[in-house]
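Below is one structure, written out as structure tokens; comments come after it.
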Amino acid sequence: MTFDLFADDTPQGRETLGPSAVLLRGHALPQAESWLALLEQIEARSPFRHMYTPGGYRMSAAMTCCGELGWITDRRGYRYSATDPLTGQPWPPMPDAWRALAGEAAQQAGFQGFEPDACLINRYVPGAKMSLHQDKDERDHSWPVVSVSLGLPAVFQFGGLQRTDKTQRVPLFHGDVLVWGGADRLRFHGILPLAEGEHPRFGAQRINLTFRKAG
Ligand code: SIN
Ligand code: FE2
């Protein structure tokens, strides 16, 4: 099946990727354009930056955060922090519309009452990637992760509970919302190097928002 990536007829519907992993195709499309302005406000307070892994590798995706907590990595390790280490200030507040969409998408995937306190914002330019990893720095893994994709498409790798497990490749398009929790919560996942392209609204980049209940 082929998709026209940028047409109004972006694929819609629900795809099941695991017992508690659901892809809601195009679910954020109605809001996506208005979120550009919100992103700019966040970026003005807490700019995108390339963080370093504890092993000293510069991450190819640039990152910022909003919400009560933000995820950071440096030589001391991976963790959540109430302040942005770049500014010394609290992270920008999470826009109400984002919190609401994350809660509602989680509900559609079977998780009632999801109130994220952290939103990680990753920016990928062509060539940027995210290596296979688990999201496990959150306190309570009974809450899901809700991911919203904006801009250029990407290939999401969805593996198993072991790093060496076989991965499935799932294309993620502008407006797609992916929820994983429950038995799928600690599955390894990553993003293959972003292909060149130009999105009519977001330009030559992909933005991914992941909402978590971290604290
Ligand atoms: C992440 O795993 O934190 C980001 C995933 C994505 O960019 O879709
Ligand atoms: Fe992740």
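No value in this document is a laboratory result; all are computed from the given coordinates. It should be emphasised that the depicted structure is a prediction, and the values quoted were computed from it without experimental measurement. A quick note on method: Cβ atoms are made from the backbone with ideal geometry, for glycine too, and the neighbour counts reach across all protein chains shown.
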| query | Reachable aspartates and glutamates from residue 129, Cα under 16 Å, same-chain residues fewer than 8 places away excluded? | reply | 196
| residue 172: net charge of surrounding residues, Cβ under 12 Å, Lys/Arg +1, Asp/Glu -1, itself excluded? | +1
| Helix-only [θ]222 nm of the chain, DSSP H runs n ≥ 4, -39500 (n - 2.57) each, per residue, nearest 500 | -3500 deg cm²/dmol
| Local electrostatic count at residue 191 - Lys and Arg +1, Asp and Glu -1, tallied over other residues with Cβ under 9 Å | +2
| task | Taking the Cα centre of region 76-202 as origin, work out the dipole magnitude from +1 charges on Lys and Arg Cβ and -1 charges on Asp and Glu Cβ, in debye rounded to 20. | result | 440
| message | With the cut-off at 1.5 for a/c, could you classify region 158-215 from its C-alpha gyration tensor as rounded, prolate or oblate? | response | oblate
| note | Per the 1/(1 + (r/R0)^6) rule, R0 = 30 Å and r from the Cβ atoms of residue 37 and residue 164, FRET efficiency to 0.05 is 0.10
| query | Where does each of 213, 129 land when they are ranked from fewest to most other beta-carbon atoms within 10 angstrom? | reply | 129, 213
| message | Need one number: convex hull volume per residue for the chain, Cα atoms only, in Å³. | response | 115
| Distance in nm between label sites at residue 196 and residue 96, each 7 Å beyond Cα in the beta-carbon direction? | 4.4
| Where both partners of a DSSP beta bridge lie in region 59-184, what percent of those bridges are antiparallel, to the nearest 5? | 95
| request: Would you work out the relative contact order for region 13-212, in percent, from Cα pairs under 8 angstrom that are 6 or more residues apart? | output: 26
| remark: Karplus ³J(HN,Hα) for region 47-62 (6.51 cos²θ - 1.76 cosθ + 1.60, θ = phi - 60°; Hz, whole; x = Gly/Pro) runs x, 5, 8, 8, 8, 10, 6, x, x, x, 8, 7, 6, 7, 7, 7
| field | Karplus 3J(HN,Hα) series, Hz, for region 168-183 with 6.51 cos²θ - 1.76 cosθ + 1.60 (x for Gly, Pro) | value | 9, 10, 10, x, 10, 10, 3, x, 6, 10, 10, 10, 9, x, x, 5
| query | In a shell of Cβ-Cβ distance under 14 Å around residue 203, excluding residue 203 itself, what net charge do Lys and Arg (+1) and Asp and Glu (-1) give? | reply | -2
| Förster radius 41 Å - calculated FRET efficiency between residue 86 and residue 141 (Cβ-Cβ, nearest 0.05) | 0.90
| At residue 15 and residue 58, where each label point lies 7 Å from the Cα along Cα→Cβ, what is the point-to-point distance in nanometres? | 3.3
